[in-house]
1. What part of the accessible area of the stretch 195-241, given as a whole %, is carbon or sulfur when the probe is 1.4 angstrom?
2. Which residue fluctuates the most in the chain, going by a Gaussian network model with Cα springs under 10 Å, if the choices are D28, D50, D217?
3. If you look for lysine pairs in the stretch 1-147 that are eight or more places apart or on different chains, how many of them have Cα atoms under 30 Å apart?
4. For the stretch 151-300, rounded, prolate or oblate, judged on the Cα gyration tensor with a ≥ b ≥ c (square roots of eigenvalues), a/c < 1.5 rounded, else prolate if a/b > b/c?
5. Can you tell me the accessible area per residue over the stretch 116-168, all protein chains present, probe 1.4 angstrom, in square angstrom?
6. If I stretch the segment between N278 and V88 completely, what's the gain in nm (0.36 nm per residue apart, minus their alpha carbon distance), one decimal?
7. Consider all pairwise Cα distances in the stretch 167-215 and report the whole-number % of them above 14 Å.
8. For the chain, the longest stretch holding no GluC sites (Glu not before Pro) located in a DSSP loop with at most 15 other Cβ atoms within 10 Å is which?
Amino acid sequence: MSKLRISVVQYLNTAPLVRGFTHGPLEDKYDLSFTVPSQCAEALRTRAADVAIIPAIEYQRIPNLVILPDLSISSKERVRSLLVIAKVPIRQARSIALDSSSRSTQALTKILADARWLISPEFSEAAPNLAAMLASSDAALLIGDPALRLALAAEQHVSPGRDGALVCSGAQVGLPQIPRLHIYDVVHEWWQLTERPAVLAVWAARPEIATPELAADFSASLAFGLAHLPEICAEAARELNLPATELSLYLRTNIDYSLDPENFKGLTEYFAQAARLNLIPQLSPINIATASPIPAKRSA
């Protein structure tokens, strides 16, 4: 019998979710492939994958999916790895380049532009090269590990600006050609708008795939990952050339892996806002797969 195929985002914040599959007791049970968020969604849409960690918005765009229970990549109030970086205060921005790796955060940025910043900029999609993005646009959306790297560099130099911005010079984050940068944490901006957490990604599958046994395995993989955060952060620190202590702080405080009632409310609000702006075809109910009646075994 062939292994189920899992499409995984190759970012640090996904590592705890799949640690049990890559290093733990579930190693070799599934066929894993690693890519960017938008391509995970495409793999599930085209049935090149059986299960995928998809941008939350894609749940509303791909028909006949269910979400695996009590699992997500969420952030309660500030995430540090989803940033809008602007050359002017954001309410003055007339153009925003959107990281092509993203789909959920692209939609989130459009919601914020409309409802929080009260602007109607021209949006374009671009590869995640901040210098190139800002050369042609007033602001840029950057996600994932590149955004976290910039946040860690900027946090040593920033001062508070208007509308929740953190302000620093371009030279302080490796962009000497830009005199002044205004940095906005997308999750913090969402919190300011809604007072809800942001659900950024979910594990999704088609109903016939999402058995209670599968749900238990995914919960067990996360439990194994959370028990082995020091090893995950040490490995990522070597790969990203960033301090392990900062990576640990990020995973422990900025990322939440549950789909608890508050996160579910945030997801519901996000979908409603996306529907209001016609960013999804229609507003569909959120269907959660059945969990195993037996708690997933936690492996240490």
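1. About 50 percent, which is the carbon plus sulfur part of the accessible surface.
2. Largest GNM mean-square fluctuation: D28.
3. Final tally of qualifying lysine pairs is 4.
4. oblate
5. 47
6. That pair, N278 and V88, stretches by 65.6 nm at full extension.
7. Across the stretch 167-215, Cα pairs with separations above 14 Å total 69 percent.
8. Value returned for the longest uninterrupted segment is 28-154.
The values are calculated or read from the model by the stated rules, or taken from the named source; none is laboratory data. Just so it is clear, the structure is predicted and the values come from calculations on it, not from any experiment. Glycine gets a Cβ as well: all are built from the backbone with ideal geometry, and neighbour counts include every protein chain shown. The area values use the complete protein model at the heavy-atom level, side chains included, leaving out ligands, DNA and RNA. Shrake-Rupley method; radii C 1.70, N 1.55, O 1.52, S 1.80 Å.
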